Amino acid sequence: MQGFDILWCGKYSQDWENEPHQHNFFQLIAVSGGEGVATTGEETHVMRRGDILIVAPSQTHGICRKKDCREPLRIYDVKFDVQDSSLFLKLSAMPNVIRVAEFESLKVYFNLIMKESEQKLPFYTQTISSYYWMVLVTLLRSNSGLDTPDLVFTANADKENADEARQEDISPMRKAEQYIQENYIHHITLNDLSRVASSNKTTLTQMFKEAYGTTPLQYIIQVRLQKAKELLVSTNTSVSEISECVGFQSVHYFSRFFKEKEGYSPLEYRMHFRGNQFYSF
């Protein structure tokens with residue numbers, strides 16, 4: 001039984017500071033070099049090599065390079081959705097930041113995941129899931145000393161509690177956020193989001209400001225910008241095509257906006273961060 005779906009994985013150096021945000025899936029960030037600062041809710045964590053950040057669904061979080069560290073923050077990043085209720089609860093109960101003695105072994109699994117994602121050989125998704133199971137098992141054992149029999153997760157264990165935890169995600173804002181993630185390449189209005197979320201515009205805007213510190217329409221721009229960065233470093237797609245792919249109406253506006261937000265033009269960003277890897281599933 002797989003128990004989860006990997007949605008996205010990446011291996012990159014992060015010099016930017018992302019805004020505090022939430023999403024309705026788990027995220028695991030493993031620091032392989034440099035130093036960073038992560039926030040989870042009201043807590044702040046200094047992240048060093050070997051530290052692993054685990055973010056549960058609907059948890060506000062962010063991460064950036066530590067300002068007094070001259071070395072880039074190098075990380076492995078996996079976003080995944082959990083179906084197995086017992087696994088969902090065990091991961092949700094873990095501390096946000098943990099350190100494992102077997103980090104070099106985890107690096108091997110992360111690199112194998114990235115290699116399989118790049119090559120896309122037959123059965124690569126199943127292979128990736130197998131490698132990622134080893135990552136999760138290592139973390140769970142490290143955190144609680146579980147042995148192998150305890151790591152056999154069943155769909156019925158603690159199902160009511162897990163279902164209740166999942167219900168917290170189905171808020172108007174979560175519905176709007178999911179709609180944005182699925183339709184960001186199209187023109188989206190506040191009326192569209194209000195209709196999808198079955199909420200009035202004022203309430204929905206207030207929810208986004210409380211969760212992300214920004215409005216729904218500004219959040220759409222942030223999503224488009226992140227998608228553009230992924231395409232710039234992981235594909236050879238032209239800037240004009242990327243602009244269109246992520247929902248900008250004009251490549252000239254996209255280039256000016258990108259430069260203003262990132263400090264690099266799209267082509268400069270591609271050259272500077274070319275070694276980064278991103279894969280969506």
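The values are calculated or read from the model by the stated rules, or taken from the named source; none is laboratory data. Nothing here was measured: the structure is a model prediction, and the numbers come from that model. Every residue, glycine as well, gets a Cβ built from its backbone with ideal geometry; the counts of neighbours run over all protein chains shown. To get the accessible areas, we keep the full protein, side chains included, count just its heavy atoms, and leave off ligands, DNA and RNA. Shrake-Rupley method; radii C 1.70, N 1.55, O 1.52, S 1.80 Å.
Between Asp51, Asp5, the distinction of being out of contact with any Lys or Arg (no Cβ under 9 Å at 6 or more places or on another chain) and on the phi < 0 side of the Ramachandran plot belongs to Asp5 only.
With respect to Lys79, is the statement that it is basic (Lys, Arg), closer than 20 Å to Lys107 by Cα and out of contact with any Lys or Arg (no Cβ under 9 Å at 6 or more places or on another chain) true? The answer is yes for Lys79. For segment 227-270, the tally of residues that are in a helix (DSSP H, G or I), closer than 25 Å to Leu112 by Cα and either open to solvent by 30 Å² or more (accessible area, probe 1.4 Å) or among the basic types (Lys, Arg) (or both) stands at 5.
Just one of (1) at pLDDT below 90; (2) open to solvent by 20 Å² or more (accessible area, probe 1.4 Å) fails for Tyr212. It is (2). Beta carbons closer than 9 Å, at least 6 apart along the sequence or on distinct chains, pair a first residue in segment 104-133 that is at negative phi with a second that is in a helix (DSSP H, G or I) and of a type in the set (D, E, K, R) for Tyr124/Glu116; Thr125/Glu116; Thr127/Glu116; Ile128/Glu116; Tyr131/Glu116.
When Leu146 is tested against (1) touching a Ser or Thr at 6+ places or on another chain (Cβ under 8 Å); (2) modelled with pLDDT under 90, exactly one condition is not met: (1).
Taking first residues from segment 242-254 that are within 15 Å of Tyr269 (Cβ to Cβ) and partners that are open to solvent by 70 Å² or more (accessible area, probe 1.4 Å) and part of a loop (DSSP other than H, G, I, E, B), the Cβ contacts under 9 Å between residues at least 6 apart in sequence or on separate chains come to Ser243/Gln249; Val246/Ile185. In this entry, Asp5 passes the filter for residues that are among the charged types (D, E, K, R) and assigned to a strand (DSSP E or B). Taking the criterion of being part of a strand (DSSP E or B), out of contact with any Leu (no Cβ under 6 Å at 6 or more places or on another chain) and open to solvent by less than 40 Å² (accessible area, probe 1.4 Å), the residues of segment 38-51 that qualify are Thr40, His45, Met47, Asp51.
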